[in-house]
Amino acid sequence: MTPERYAKILRVLSKRQPTLTVLMDQVNKPHNLSAIVRTCDAVGVLTAHAVPPGNGKPLDFEGNTFEATSGSAHKWVRVQTHTDTLETVRELQEQGVQVLATHLSQRSVDYREADYTRPTCVLLGAEKWGVADAAADAADGNIIIPMFGMVQSLNVSVAAATILFEAQRQRLAAGMYGAPQLSPDELARLAFEWGYP
Ligand code: SAM
């Protein structure tokens, strides 16, 4: 590995946001999964979560079908798979993460009103069905991107990008990209893993 490459890896890892994540609930189109993970990389998500459709089926990324099992690594964003959305929402909450479901309900607020400087997981729904009511009810909040057109919803990867870049904006303003959020040990471990895959 060249020194430039190593410097880039350190630069990227020093901006990773271990307290920002997404949970993709049955998102099933490979290009949507790929686009969401790419946005995760851009804003610094360290680990994304997914409940793949069809129990136990591997996640199918555009041009790259691979088994993203718990603990295994996507190239730059770890994608941890789970089998049950509600259980995963509760697990994240037990870890002190607020789960914000992208879901239209009585309690939905404009996504810009949420505080993404807190440990946050954005729950994204399936292309066809959206987020299940039970998971949306269990979430700490429901957020929505206001829509003024004829069509009722955005593509899921577009919605993910819109919300994650608002999270990036807030975290930048709070100085959260200014100092590493990873512990020195974790940063060194990941630098080695990324540098020598
Ligand atoms: N018919 C589905 C429904 O009623 O929810 C539409 C699902 S939409 C195509 C797929 C996902 O994109 C949603 O579950 C949500 O995660 C996200 N999404 C789309 N439009 C959104 C919006 N305006 N605000 C927030 N999330 C949105």
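Within segment 10-55, the only residue that satisfies the criterion of being of a type in the set (Asp, Glu) and under 19 Å from Leu92 (Cα atoms) is Asp25.
The lone criterion from (1) surrounded by 15 or more Cβ atoms within 10 Å (Cβ to Cβ); (2) in contact (Cβ under 8 Å) with a residue 24 or more places away in the chain left unmet by Asn155 is number (1). Residues that are in contact with a His (Cβ under 8 Å, 6 or more places away or on another chain) and crowded, with 17+ Cβ neighbours inside 10 Å do not occur anywhere in segment 101-118. Screening the candidates Gln168, Gln106, Gln98 for the property of being more than 7 Å from the ligand (Cβ to nearest atom) and at pLDDT below 95 yields one hit, Gln106. Looking across segment 158-185, just one residue is without any contact (Cβ under 8 Å) to a residue 24 or more places away in the chain and of a type in the set (Asp, Glu), and that is Asp185.
Any residue in segment 73-94 that is of a type outside the set (A, V, I, L, M, F, W, C) sitting within a Cβ distance under 6 Å of a residue that is loosely packed, with under 14 Cβ neighbours inside 10 Å? List the pairs, counting only those 6 or more apart or interchain. Partner pairs satisfying both residue conditions: Gln80/Ser70.
So that you can scan it fast, the table gives a plain yes or no per residue for (1) at pLDDT 95 or above; (2) touching a helix residue (DSSP H, G or I) at 6+ places or on another chain (Cβ under 6 Å):
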position: Gly125; (1), (2): yes, no
position: Ala136; (1), (2): yes, no
position: Gln152; (1), (2): no, no
position: Val156; (1), (2): yes, yes
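Inspection of segment 67-77 identifies no residue that is among the hydroxyl-bearing types (Ser, Thr, Tyr), at pLDDT 90 or above, closer than 24 Å to Asp185 by Cβ and more than 16 Å from the ligand (Cβ to nearest atom).
Anything in segment 110-132 that is β-branched (Val, Ile, Thr) and within 11 Å of the ligand (Cβ to nearest atom)? List them, or say none. Val122, Val131, listed by residue number.
The values are calculated or read from the model by the stated rules, or taken from the named source; none is laboratory data. What you see is a predicted model, and the numbers here were worked out from it, not measured in a lab. Because the Cβ atoms are built from the backbone with ideal geometry, glycine has one as well, and the counts that use them run over all protein chains shown.
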